[in-house]
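Novice: Mind having a look at this structure? Questions to follow.
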Amino acid sequence: MHNFHKDLVAWLKSGEESAYRELYDRYYNMLCVVAYQYVKDRFLSETFVNDVCYHLWEQRENIQINTSLKDYLVKSVKNRCVNYINHMKVVQKSAPRLIDDYNKQQSYDEAFGDPLSRLITGELEDSLHKAMAALPPECREVFRLSRMEELSYAEIAGRLNISVNTVKYHIKNALIRIQEQLKKYLADMS
């Protein structure tokens with residue numbers, strides 16, 4: 001079996017697409033089970049396994065595998081899942097800042113009526129709407145339900161018939177994309 005792993009790694013490094021297919025056929029389901037143990041979400045599990053396999057294919061010429069291919073893949077999937085879980089903890093703590101900053105600015109403008117502030121707020125509001133419109137449809141709907149209708153992750157999951165982890169995934173992606181689009185305003189507000 002050990003020789004098979006070495007042969008498959010060598011086959012991958014040579015760029016044979018059939019080696020990539022063999023990798024998928026042999027390990028995909030097992031790796032999805034490993035990922036699911038961490039994230040408890042089928043979509044995320046499949047996404048992470050696909051990412052790991054694709055990364056291996058993209059980096060095949062430079063990759064150094066000192067263990068068996070199976071051990072390498074399992075460790076890569078576990079690392080991807082743990083990184084995601086840790087990142088989601090950070091996002092959940094800092095996610096309200098964007099909306100809070102926006103709401104504070106809007107309240108200030110309404111209270112003091114400064115024309116420049118109204119102009120900047122209008123520009124910010126327009127940019128926020130454009131950033132939200134650019135989100136993928138399901139991601140946009142999850143974000144809208146969370147931030148505009150103030151539904152909990154569990155309520156959103158129930159309404160859209162998706163898992164709570166998928167809701168978290170969409171919120172994280174929405175925040176990253178929106179923050180990127182609004183970075184000039186966020187820098188001014190901090």
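The values are calculated or read from the model by the stated rules, or taken from the named source; none is laboratory data. All values reported here derive from a predicted model rather than from experimental measurement. Cβ: placed from backbone, ideal geometry, glycine included. Neighbour counts: every protein chain shown.
Novice: Restricting the search to region 137-175, which residues are among the charged types (D, E, K, R), closer than 19 Å to VAL39 by Cβ and surrounded by fewer than 19 Cβ atoms within 10 Å (Cβ to Cβ)? First the steps, then the outcome.
Specialist: Filtering region 137-175 for residues among the charged types (D, E, K, R) gives 138, 140-141, 144, 147, 149-150, 155, 159, 168, 172.
Checking the rest, the ones that are also closer than 19 Å to VAL39 by Cβ come to 138, 168, 172.
Result: GLU138, LYS172.
Novice: Among the listed residues TYR20, TYR24, TYR36, TYR28, identify the single one that is part of a helix (DSSP H, G or I) and at pLDDT below 80.
Specialist: Details: TYR24 fails: at pLDDT below 80; TYR36 fails: at pLDDT below 80; TYR28 fails: at pLDDT below 80.
Answer to the check: TYR20.
Novice: Going residue by residue through region 2-16, is there one that turns out to be modelled with pLDDT of 85 or more, loosely packed, with under 15 Cβ neighbours inside 10 Å and not assigned by TED's automatic domain parsing to the domain that holds VAL167?
Specialist: First, pick out the residues of region 2-16 that are modelled with pLDDT of 85 or more: none.
The answer is no; no qualifying residue exists.
Novice: Next question. Residues that are out of contact with any Cys (no Cβ under 8 Å at 6 or more places or on another chain) and modelled with pLDDT of 80 or more: does region 111-130 have at least one?
Specialist: Checked region 111-130: at least one residue is out of contact with any Cys (no Cβ under 8 Å at 6 or more places or on another chain) and modelled with pLDDT of 80 or more.
Novice: If the Cβ limit is 8 Å and pairs must be 6+ apart or interchain, which residue in region 48-74 that is of a type in the set (Ser, Thr, Tyr) pairs with which residue that is surrounded by 14 or more Cβ atoms within 10 Å (Cβ to Cβ) and part of a helix (DSSP H, G or I)?
Specialist: What qualifies is SER68/HIS5.
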